[in-house]
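Colleague: Sharing a structure with you now.
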Amino acid sequence: MKIVSVVGARPQFVKLAPIHKAAVAAGVDHVIVHTGQHYDPMLSDVFFEELGIGAPHVHLGVGSGSHGVQTGAMLAALDAVFDEHRPDWVLVYGDTNSTVAAALSAVKMHIPVAHLEAGLRSFNRRMPEEHNRVMTDHAADLLLAPTQVAVDHLATEGLAERTVLVGDVMTDVLLEVRDEVADTPSALLEELNLPIGGYYLATIHRAENTDDPARLADVAAGLAALDKPVVLLAHPRVVAKAAAHGIELTQGSLIAHAPLAYADLIAAALSSAGVVTDSGGLQKEAFLLRVPCTTVRTETEWVETIDLGWNVLANTAEEIAAAATRPRPEETDAAPYGDGQAARRVVEVLSAATA
C-alpha cells in the first residue's frame, strides 16, 4: 500500500508524526508532501526534525497569500505530485487550505481520499476552516473521525457509511511527549524568570481575532490586563499585523515570544497556570494535560473540553479575565479523544479498505 500524506501547518505536522511511525511499522510506502503553507522554521522544519518524521519527500513551497491564491497554487502543484506517485490513498489532515486543495486534486484524478479528523464542526460559516472541513468531508471516500461527536455530525450529513471512529492521533503524540517532558522544567521559565504556575501561555492567530485591528487591539489589551504574566507565542503573521497597525504585543502582563518547538510548547503548557488560545489543537492539548483553557472564540469544535469544564469560551476582556482566573475544574478520567492508538487504527483501516 502506498499513502501520500499532504500537510502544511503546525497541527498537521503533529498529527503526521504518529501516522508516519505507524506506516513505517506496517511496511507502508508513505510519501510526505509539505505544501509550505506554514514556512517559518519554528512552525515547520523544527517539527519534522523534533517529531522524528524526517524531511518531507516533496516540498511545494507555496507560502502565504489570500485563500484563493494559496489554494489555487496548491491545486496546480499537487496534480503533478499525485500523477507521479499514484498512491492507493491520499491522506489529508484537519481543516487547512492544504487539506481542501489536496482533496479536490485527488478526487478529480480519481484517487481515493481519506480525511483524518473528519466530522469536526464549529457551525460558524464565517470561518474558512469550516468551509474546508465540510467540503473535504463531502469529497472524501473515507472519513476517519476522532470522536463520537464527530461521528454523529457525519451521520447527520448522510455520511455514516464512509465513517470510521479511530480516535484522535494528536492524543498519540501528546501522551508520548508529555511523559518525556514531565520531569523537565520548561526552558521558558528560566529564560523569562517565571515561576511554575505563575504565568499563562497564550496563542492567538485566527483571522477573526487578528485581521481587524480593533479586534486584535482588544484581545491584546485583555491579555495585558490579566493577573499574571501572559507569554504570547506570536505567529510571524500576527507580529506583522500588529506592527502594521501599531499594536504592542508586549504590554502590561503581556510578553510576546517566538513560537516554541513542540516539546517546549508542551512543557511550557504543563508549567503554566492556564492556556489562553484560539487554536483548536492547543485547546485539546490543554485538556489532555489537564491544564485549564480559555478559548478566545464564540464556539469550538472540541465541545467535550467545554462539557467537562476544562475549557471556557471568552471574547471580551472581562470574559477572558473571568475565565482565565476561574477555579481549577473538577478532575476527570474521561478520555473522549482516544487511548493513544489512533494512528495504528488509521493504517489498519486504510489497509483493509485497499485489500
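Colleague: Out of all the residues in segment 332-355, which are in a helix (DSSP H, G or I) and of a type outside the set (A, V, I, L, M)?
Modeller: Hits for segment 332-355 are Arg344, Arg345, Glu348, Ser351, Thr354.
Colleague: Would you check if there is a residue in segment 94-112 being of a type in the set (Asp, Glu) and closer than 30 Å to Arg297 by Cβ?
Modeller: Of segment 94-112, the ones of a type in the set (Asp, Glu) are 95.
From the residues that got through so far, the ones that are closer than 30 Å to Arg297 by Cβ too are 95.
Checked against the condition, which is being of a type in the set (Asp, Glu) and closer than 30 Å to Arg297 by Cβ, segment 94-112 yields at least one hit.
Colleague: Which fully enclosed helices (runs of 4 or more DSSP H) of segment 59-141 have 2 or more residues being more than 26 Å from Val347 (Cβ to Cβ), of a type in the set (A, V, I, L, M) and at pLDDT below 95?
Modeller: Where helices (runs of 4 or more DSSP H) fall fully within segment 59-141 and carry at least 2 residues being more than 26 Å from Val347 (Cβ to Cβ), of a type in the set (A, V, I, L, M) and at pLDDT below 95, they are 67-85.
Colleague: Also, quick follow-up: Return the residues of segment 127-157 that are of a type in the set (Val, Ile, Thr), over 15 Å from Val92 (Cβ atoms) and touching a helix residue (DSSP H, G or I) at 6+ places or on another chain (Cβ under 9 Å); say none if nothing qualifies. Before you say what the answer is, go through the steps one by one.
Modeller: Keep residues of segment 127-157 that are of a type in the set (Val, Ile, Thr), which gives 134, 136, 147, 149, 151, 156.
In the following step, the residues that additionally are over 15 Å from Val92 (Cβ atoms) were identified as 147, 149, 151, 156.
Once the filter is applied, which keeps residues that are of a type in the set (Val, Ile, Thr), over 15 Å from Val92 (Cβ atoms) and touching a helix residue (DSSP H, G or I) at 6+ places or on another chain (Cβ under 9 Å), segment 127-157 yields Thr147, Val149, Val151.
Colleague: Go through (1) within 18 Å of the chain's Cα centre (by Cα); (2) farther than 30 Å from Ala23 by Cβ for Trp302 and report which single condition fails.
Modeller: (2)
Colleague: Quick one: in segment 248-274, which of the residues that are assigned to a loop (DSSP other than H, G, I, E, B) and surrounded by fewer than 19 Cβ atoms within 10 Å (Cβ to Cβ) is modelled with the lowest pLDDT?
Modeller: That would be Ala261.
Colleague: Go through segment 110-128 and give me each residue that's open to solvent by 10 Å² or more (accessible area, probe 1.4 Å) and without any contact (Cβ under 8 Å) to a residue 60 or more places away in the chain.
Modeller: Those that are open to solvent by 10 Å² or more (accessible area, probe 1.4 Å) and without any contact (Cβ under 8 Å) to a residue 60 or more places away in the chain: His110, Arg125.
Colleague: Which of the residues that make up segment 282-318 are open to solvent by less than 10 Å² (accessible area, probe 1.4 Å), among the small types (Gly, Ala, Ser) and closer than 27 Å to Val151 by Cβ?
Modeller: Ala286 - this is the single residue of segment 282-318 that is open to solvent by less than 10 Å² (accessible area, probe 1.4 Å), among the small types (Gly, Ala, Ser) and closer than 27 Å to Val151 by Cβ.
Colleague: Tally the residues that are under 24 Å from the mean Cα position of the chain (by Cα) and open to solvent by 70 Å² or more (accessible area, probe 1.4 Å), restricting the search to segment 320-339.
Modeller: Within segment 320-339, the subset under 24 Å from the mean Cα position of the chain (by Cα) is 320, 323-324, 329, 332-339.
Narrowing further to those that are open to solvent by 70 Å² or more (accessible area, probe 1.4 Å): 333, 335, 339.
Looking only at that region, the number is 3.
Colleague: For segment 158-229, please list each of the helices (runs of 4 or more DSSP H) lying entirely inside it that holds at least 3 residues being open to solvent by less than 20 Å² (accessible area, probe 1.4 Å) and in contact with a helix residue (DSSP H, G or I) (Cβ under 6 Å, 6 or more places away or on another chain).
Modeller: 169-181, 213-224
Colleague: Quick check on this structure: which one of Val134, Val107 is open to solvent by 50 Å² or more (accessible area, probe 1.4 Å) and more than 15 Å from the chain's Cα centre (by Cα)?
Modeller: Of Val134, Val107, the one residue that is open to solvent by 50 Å² or more (accessible area, probe 1.4 Å) and more than 15 Å from the chain's Cα centre (by Cα) is Val107.
Colleague: While we're here: Find all pairs meeting these conditions: Cβ atoms under 7 angstrom apart; at least six residues apart or on different chains; first residue within segment 314-329 and free of Cβ contacts under 8 Å to residues at least 40 places away in the same chain; second residue basic (Lys, Arg) and surrounded by fewer than 17 Cβ atoms within 10 Å (Cβ to Cβ).
Modeller: If the second residue must be basic (Lys, Arg) and surrounded by fewer than 17 Cβ atoms within 10 Å (Cβ to Cβ), no pairs are left.
Colleague: Does Ala22 satisfy being under 21 Å from Val113 (Cβ atoms), surrounded by 21 or more Cβ atoms within 10 Å (Cβ to Cβ) and at pLDDT 90 or above?
Modeller: In short, yes.
Colleague: Among the numbered criteria (1) at pLDDT below 85; (2) open to solvent by 10 Å² or more (accessible area, probe 1.4 Å); (3) touching a His at 6+ places or on another chain (Cβ under 8 Å), which single criterion is violated by Ser44?
Modeller: With respect to (1) at pLDDT below 85; (2) open to solvent by 10 Å² or more (accessible area, probe 1.4 Å); (3) touching a His at 6+ places or on another chain (Cβ under 8 Å), Ser44 is out only on (2).
The values are calculated or read from the model by the stated rules, or taken from the named source; none is laboratory data. Everything numeric in this text was worked out from a predicted model, so none of it was measured. All Cβ positions, glycine included, derive from the backbone under ideal geometry; neighbour counts span all protein chains shown. Keep in mind that these areas ignore ligands, DNA and RNA; they rest on the heavy atoms of the full protein, side chains included. Shrake-Rupley method; radii C 1.70, N 1.55, O 1.52, S 1.80 Å.
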